[in-house]
1. Among 18-25, 4-11, how do they line up by average Cβ neighbours within 10 Å per residue, starting with the highest?
2. Calculate the FRET efficiency for R39 and N8 from the Cβ-Cβ distance with a Förster distance of 22 Å, rounded to the nearest 0.05.
3. Can you find, among T55, P28, V10, the residue farthest towards the positive end of the dipole of region 3-61? Put +1 on the C-beta of Lys and Arg, -1 on that of Asp and Glu.
4. Explain nothing, just compute: Karplus ³J(HN,Hα) = 6.51 cos²θ - 1.76 cosθ + 1.60, θ = phi - 60°, for every residue of region 22-28 in order, whole Hz, x for Gly and Pro.
5. Which peptide among 45-54, 27-36 comes first, and what is the full order, when sorted by highest mean count of other Cβ atoms within 10 Å?
Amino acid sequence: FTAGRIYNDVIEKERRGDFLGSTVQVIPHITDEIKSRIRAVSKGVDVVICEIGGTVGDIESL
């Protein structure tokens, strides 16, 4: 999955009202979405190889 897809899905959730009108932020909303997707693809398998790029501080510029 890509950063654009993650952002798109989080924006769709915000528009549906899933965040109850709170401000959507990179931390925790985007990072939680990334973690949930990694967990979702790991169901039913023994090993997941996941490449995560970037450096410290990049998270706010996704």
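Values in this text are rule-based calculations from the coordinates and carry no lab data. In this text the structure is predicted, and so the values were computed from the model without any measurement. We place every Cβ from the backbone using ideal geometry, glycine too, and count neighbours over all the protein chains shown.
1. Most protected by this proxy first, the peptides run 4-11, 18-25.
2. 0.70
3. After comparing all options, I get V10.
4. Per residue, the Karplus-derived 3J(HN,Hα) values read 6, 6, 8, 10, 4, 10, x Hz.
5. With the highest mean Cβ count within 10 Å placed first, the list reads 27-36, 45-54.
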